[in-house]
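Just so you know, all these numbers are worked out from the coordinates, no wet-lab data involved. Keep in mind it's a predicted model, so treat the numbers as computed, not measured. All Cβ positions, even for glycine, are placed from backbone atoms using ideal geometry, and neighbour counts span all protein chains on display.
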Amino acid sequence: MTNNLSIVILLLPLMIFCHIVDDYYLQGWLASAKQKKWWIENAPNELYKNDYKAALLVHSFSWAFSINLPVLVYALFFQILPTIILPYFVLLVVNMIIHCIVDNLKANKLEINLIADQSIHLCQILISWVVYIFVIL
């Protein structure tokens with residue numbers, strides 16, 4: 001149990017690392033594409049006026065998948081996938097929706113800054129990790 005607890009504790013910094021990688025390094029063009037103003041300036045055609053929403057969704061899914069990836073690997077390694085599969089998918093969807101809303105508030109509504117955005121994402125990770133602790137242990 002002690003080894004298992006140590007590994008579960010290590011999941012939190014791994015989840016945070018995955019957040020940093022996905023939200024800063026992997027986002028690439030999506031960082032621009034999830035901004036409504038980018039489409040207005042670069043593809044002003046009426047056809048593309050809502051394409052920023054697709055970019056928000058794609059990035060949000062990528063981020064939610066990334067932060068949950070360490071837990072998925074843990075579950076596969078320790079053969080507990082059936083135990084975590086439901087919480088995994090619930091957290092994946094909930095985190096994706098929250099990330100999408102928060103990024104839209106920052107990128108398009110201009111109602112929050114980067115500090116608020118990142119604080120919310122870190123809270124998402126912490127809450128997800130706590131849920132996994134209760135499921136795993």
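Numbers below:
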| read-out | value |
| --- | --- |
| FRET efficiency for ASN4 and LEU69, using Cβ-Cβ distance with R0 set to 22 Å, rounded to 0.05 | 0.70 |
| Relative contact order of the range 1-58, defined on C-alpha pairs under 8 angstrom at six or more residues apart (%) | 28 percent |
| Furthest towards positive pole of dipole, PHE17, PRO70, VAL93, structure part the chain, Cβ charges | VAL93 |
| Using θ = phi - 60° and Karplus 6.51 cos²θ - 1.76 cosθ + 1.60, couplings along the range 116-130 (whole Hz; Gly, Pro as x) | 5, 4, 5, 4, 5, 4, 5, 5, 4, 5, 4, 5, 4, 4, 5 |
| Extension gain, SER119 back to ILE20 (0.36 nm per residue minus Cα-Cα distance, nm) | 34.4 nm |
| Coil-residue chymotrypsin sites (Phe, Trp or Tyr not before Pro) of the range 55-137, DSSP, other Cβ within 10 Å capped at 16 | PHE78 |
| Using θ = phi - 60° and Karplus 6.51 cos²θ - 1.76 cosθ + 1.60, couplings along the range 53-62 (whole Hz; Gly, Pro as x) | 5, 5, 5, 4, 5, 5, 5, 5, 5, 4 |
| Mean separation of Cα contacts under 8 Å (6+ apart) over length of the range 2-136, as relative contact order % | 30 percent |
| Length released on extending from PHE61 to VAL94, taking residue separation times 0.36 nm less the Cα-Cα span | 10.9 nm |
